[in-house]
Each structure stands twice: as C-alpha cells, then as structure tokens.
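First comes the structure, then the notes that go with it.
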Amino acid sequence: MAPRSRELGSSAPREPAGRRAGVLLGATALGRVPVTVFAVLFVLQSQAEFDRFDIGGFAVLAYSAGAAANGVIVGWLFTRVGQRPVIVVSTVLATSALLTAAVTMHDPVLMVVLAGAIGLSFPPLHIGSRVIYPRILTDAKLLRVYSIDVSLIQISWILAPVAVVALSATVGIDAIYVVLAAVTSQGREGTFDE
C-alpha cells in the first residue's frame, strides 16, 4: 500500500524535499523573469530603434499569440514525449531567438517575427515545476511551496520591468537580450523529472 500512496504524492518525498523544492523554486523563478519584462522591453526597443510605439505593440501582440500557442503545444507534448525533451528543446530555441534578437532586431518586421518566436518557444518552466512539486513534497508542504512560487513571480512582475527600464539606458537593449538568454538557459536547470 505504501508504494501506491507514494506515487500519488501523499507520503514522504523521494529525496530531501526542502533542498529539491528550493532548487526548483529558485530555478523556475529566475527562468520566468524574462516573461515579466518582454512587453516593456519590446516597447522600449520600438521607441529607441524606430521612434515609434506601435511596432512595440505589434511585437507584444506577436509575443502573446506565440505564448498562447506555446501553452497548448506544450501541454500536448508533455504527455507525448515527456518533460525533459520539451524543456531542453524550447530552452535552446528561446535562447537562440533571444540572442538573435540581440544582434538583428533592428528591423520592424523582424522585431515582430522574433517576438512571436520568443513567445512560441519560451520554455514551460511553470508547467514543469507544477508537475514536479507533487512528486517531491508531501501534501502538507505543497500549498506553502505553491504560495511561495506565486509570490516570487508576482514580485518579479514588479521589480524586473523596473530594472529593465533602468538598465536599458545604461547597458543598452541588446545587452538585456543577452542577459535574458542567459537567465532563460539557467532557469531550466531545476525543472527536470528524475
């Protein structure tokens, strides 16, 4: 009877829950920071590159459409090929799109296309973490970890865009894309099934 309840996540975790949950929380919170800044970043870049806001708006629209499609595709892929391949491939694609954006997003059409590609390919870290939490934590700790997870994301929705606005004037928008690529790549580290 014990193995069955362990599968359901209601008994002791397979490994030290505190350490694994902490790594997962930190990695996914860090990896999801780029999501909180794309709208601001696209508008800032549109104003800086083209002296227009509408291109930034179209880029945000393309990113949002890509992200919406991403959610549907990822849910389907998680059940077909598993979490690890989906996160690895999407991380490589999103990181590549971000690095490409750092050096080539100086054309309005290319900016909108790359914004859509970033949304479509961004790694599903939030979905991956929510698949893992019930496997490593007892029911008593699960709600607390979910609360911390959501709080970290809400804090990043406040602080990260402010940081991007401040940094864009000093390091430049291209450098911000490189940093976001590194953060995205690092975020996947904690989100693998064992």
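Quick one: among L77, L61, L41, which has the greatest mean-square fluctuation in a GNM of the chain with alpha-carbon springs under 10 angstrom? Highest fluctuation of the listed residues: L77. When all alpha carbon pairs of segment 91-143 are counted in 5 Å bins from zero, the resulting P(r) reads 4, 19, 20, 14, 9, 9, 10, 7, 6, 3, 0 %.
How would you order 165-174, 107-116 from highest to lowest mean count of nearby Cβ atoms within 10 Å?
107-116, 165-174
Here the spin labels are modelled as points 7 Å beyond Cα on the Cα-Cβ line, and at V165 and R135 they lie 4.0 nm apart. What segment 43-194 shows is 50 Å² of accessible area per residue, with the surface traced by a 1.4 Å probe over protein heavy atoms. Annotation: extensible slack from S96 through Q47 equals 15.3 nm (criterion: 0.36 nm per residue apart, minus Cα-Cα distance). Within the chain, the longest run free of exposed loop sites, counting trypsin sites (Lys or Arg not before Pro) that sit outside DSSP helix and strand states (H, G, I, E, B) and have at most 13 other Cβ atoms within 10 Å, spans 53-194. Across segment 33-39, computed HN-Hα scalar couplings (Karplus, 6.51 cos²θ - 1.76 cosθ + 1.60, θ = phi - 60°) run 4, x, 4, 7, 10, 4, 4 Hz from first to last residue, x flagging Gly and Pro.
Eigenvalues of the Cα gyration tensor times 5, then square-rooted: what semi-axes does that give for segment 69-194, in whole angstrom, largest first?
For segment 69-194, the semi-axes come out at 29, 19, 11 Å.
Put a dot 7 Å past the Cα of L143, heading toward its Cβ, do the same for W157, and the two dots end up 2.2 nm apart.
The packing ranking, built from the mean of other Cβ atoms within 10 Å per residue, places the peptides 118-125, 82-89 in the order 118-125, 82-89, highest first.
Residue-wise HN-Hα couplings along segment 144-152, as the Karplus relation 6.51 cos²θ - 1.76 cosθ + 1.60 with θ = phi - 60° gives them from phi, are 4, 5, 4, 5, 5, 4, 5, 5, 4 Hz; Gly and Pro carry x. Look at the alpha carbon pairs under 8 Å that are at least 6 residues apart: their mean separation over the length of the chain gives a relative contact order of 41 percent.
Based on DSSP H segments of at least four residues, each scored -39500 (n - 2.57), the chain has a per-residue ellipticity at 222 nm of -28500 deg cm²/dmol. Along segment 70-87 the Karplus relation, 6.51 cos²θ - 1.76 cosθ + 1.60 evaluated at θ = phi - 60°, assigns HN-Hα couplings of 4, x, 5, 5, 5, x, 5, 5, 4, 7, 9, 10, x, 6, 4, x, 5, 5 Hz to successive residues, with x for each Gly and Pro.
The values are calculated or read from the model by the stated rules, or taken from the named source; none is laboratory data. Since the model is a prediction, treat every value here as computed from it, not as a measurement. Cβ atoms come from the backbone with ideal geometry, glycine included; neighbour counts cover every protein chain shown. When the accessible area is computed, the model is the full protein with side chains, heavy atoms only, and any ligands, DNA or RNA have been set aside. Shrake-Rupley method; radii C 1.70, N 1.55, O 1.52, S 1.80 Å.
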